[in-house]
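K.L.:
For reference, the structure I am asking about is given below.
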Amino acid sequence: DTGVSQNPRHKITKRGQNVTFRCDPISEHNRLYWYRQTLGQGPEFLTYFQNEAQLEKSRLLSDRFSAERPKGSFSTLEIQRTEQGDSAMYLCASRPSLGSLGNSPLHFGNGTRLTVT
Amino acid sequence: AQTVTQSQPEMSVQEAETVTLSCTYDTSESDYYLFWYKQPPSRQMILVIRQEAYKQQNATENRFSVNFQKAAKSFSLKISDSQLGDAAMYFCAGDLTGANSKLTFGKGITLSVRP
């Protein structure tokens, strides 16, 4: 169990640029989640996948955000035309789909910190 | 609406003492799960303890225990014999939709431990 891996750890970009983050979940976990966390706040749900299917997407996720998990393994989160308000920590988490969230809780990665200048 | 509220932004405790972190939540479901997560300065979120709503017995994990009051929709975390390594942000979270899909988090509380 190597844990949930996220890359890059930090990303600084200029407003208007596109950025892409990657998440590699724990290998046997077929559910994968993206959360956004701003300074001093709790994580906010963005979207989640079961295998390659995107099952739910938050209304927080504007059209500039897109997430994919093409082969049901790693996932990417892309933000187009970044804005300063996109500056945050983007957290990825995974878990097995069998069992409840109580029995198979989320395992989080270290996150990708995005700074938009 | 499913919400989780942590109204205390910061708390401080003396090493070896006991501290209680408060959390309230709102849901219309009768069966759900509640969690406390710890986020140290390294930023990786770690599960501390979990509670199933249909279980009346409060969960305990070593020095960590919860006081789950279902009728009051209250879920507090008690840390006994506090250690310097307990200093972190603590988030209360719940799977409150009944859909077994995602967690809703509170805003968190920053706990500092005084040596």
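The values are calculated or read from the model by the stated rules, or taken from the named source; none is laboratory data. Source: prediction; values computed, not measured. Note that we place each Cβ from the backbone using ideal geometry, even for glycine, and neighbour counts take in every protein chain shown. The protein model used for the area step is the full one, side chains on, heavy atoms only, and it has no ligands, DNA or RNA in it. Shrake-Rupley method; radii C 1.70, N 1.55, O 1.52, S 1.80 Å.
K.L.:
Assigned to a strand (DSSP E or B) and within 14 Å of chain A (Cβ to nearest Cβ), is that true of B:Ala93?
P.N.:
Working: assigned to a strand (DSSP E or B): yes; within 14 Å of chain A (Cβ to nearest Cβ): yes.
Answer is yes for this residue.
K.L.:
Another one. Please enumerate the residues belonging to the range B:96-107 that are within 16 Å of the chain's Cα centre (by Cα) and facing another protein chain (nearest Cβ under 8 Å).
P.N.:
B:Leu103, B:Thr104, B:Phe105, B:Gly106, B:Lys107
K.L.:
Output the residue which, of all residues in the range B:73-90 that are within 14 Å of chain A (Cβ to nearest Cβ) and closer than 13 Å to B:Ser12 by Cα, is nearest to the chain's Cα centre (by Cα).
P.N.:
Taking the range B:73-90 first, the residues within 14 Å of chain A (Cβ to nearest Cβ) are B:75, B:88-90.
Now drop any that are not closer than 13 Å to B:Ser12 by Cα, which leaves B:88-90.
On the way: B:Ala88: 12, B:Met89: 10, B:Tyr90: 7 Å.
This residue is B:Tyr90.
K.L.:
Now for a different question. Inside the range A:61-79, can you point out the residues that are within 25 Å of B:Thr97 (Cβ to Cβ) and touching an Asp or Glu at 6+ places or on another chain (Cβ under 6 Å)?
P.N.:
Answer for the range A:61-79, where residues must be within 25 Å of B:Thr97 (Cβ to Cβ) and touching an Asp or Glu at 6+ places or on another chain (Cβ under 6 Å): A:Ser66, A:Arg69, A:Gly72.
K.L.:
Of the residues that sit in the range B:41-55 and are within 21 Å of A:Leu39 (Cα to Cα) and not hydrophobic (A, V, I, L, M, F, W, C), which one is farthest from the other protein chains (Cβ to nearest Cβ)?
P.N.:
Step by step, filter the range B:41-55, then rank; the result is B:Pro41.
K.L.:
Give A:Arg59, A:Arg64, A:Arg36 a once-over and let me know the one that is open to solvent by 10 Å² or more (accessible area, probe 1.4 Å), in contact with a helix residue (DSSP H, G or I) (Cβ under 9 Å, 6 or more places away or on another chain) and within 14 Å of another protein chain (Cβ to nearest Cβ).
P.N.:
Only one candidate qualifies: A:Arg36.
K.L.:
Would you check which residues across the range A:67-76 are closer than 15 Å to A:Ala93 by Cα and either of a type outside the set (D, E, K, R) or loosely packed, with under 15 Cβ neighbours inside 10 Å (or both) and list them?
P.N.:
The answer is A:Ala67, A:Glu68, A:Gly72, A:Ser73, A:Phe74, A:Ser75, A:Thr76.
K.L.:
Here's another thing I want to ask about it. If A:Leu55 satisfies all but one of (1) part of a strand (DSSP E or B); (2) over 11 Å from the mean Cα position of the chain (by Cα); (3) closer than 16 Å to A:Ser5 by Cα, what's the number of the condition it fails?
P.N.:
Single failed check for A:Leu55: (3).
K.L.:
For A:Gly16, all conditions in the list (1) modelled with pLDDT of 95 or more; (2) surrounded by 15 or more Cβ atoms within 10 Å (Cβ to Cβ) hold save one; what is the number of the exception?
P.N.:
So A:Gly16 meets the others, but not (2).
K.L.:
Condition test on B:Thr110, is it open to solvent by 40 Å² or more (accessible area, probe 1.4 Å) and more than 9 Å from chain A (Cβ to nearest Cβ)?
P.N.:
no
K.L.:
Could you grab me the full set of residues in the range A:80-110 that are touching an Asp or Glu at 6+ places or on another chain (Cβ under 9 Å), at the interface with chain B (Cβ under 10 Å from one of its Cβ atoms) and part of a strand (DSSP E or B)?
P.N.:
Result: A:His107, single match.
K.L.:
Would you confirm, using the coordinates I've provided, whether A:Leu39 is assigned to a loop (DSSP other than H, G, I, E, B), of a type in the set (A, V, I, L, M, F, W, C) and over 16 Å from the mean Cα position of the chain (by Cα)?
P.N.:
yes
K.L.:
Taking B:Gln8, is it more than 9 Å from every other protein chain (Cβ to nearest Cβ) and within 18 Å of A:Thr38 (Cα to Cα)? Steps first, answer last, please.
P.N.:
Working: more than 9 Å from every other protein chain (Cβ to nearest Cβ): yes; within 18 Å of A:Thr38 (Cα to Cα): yes.
When the stated conditions are applied, B:Gln8 passes them.
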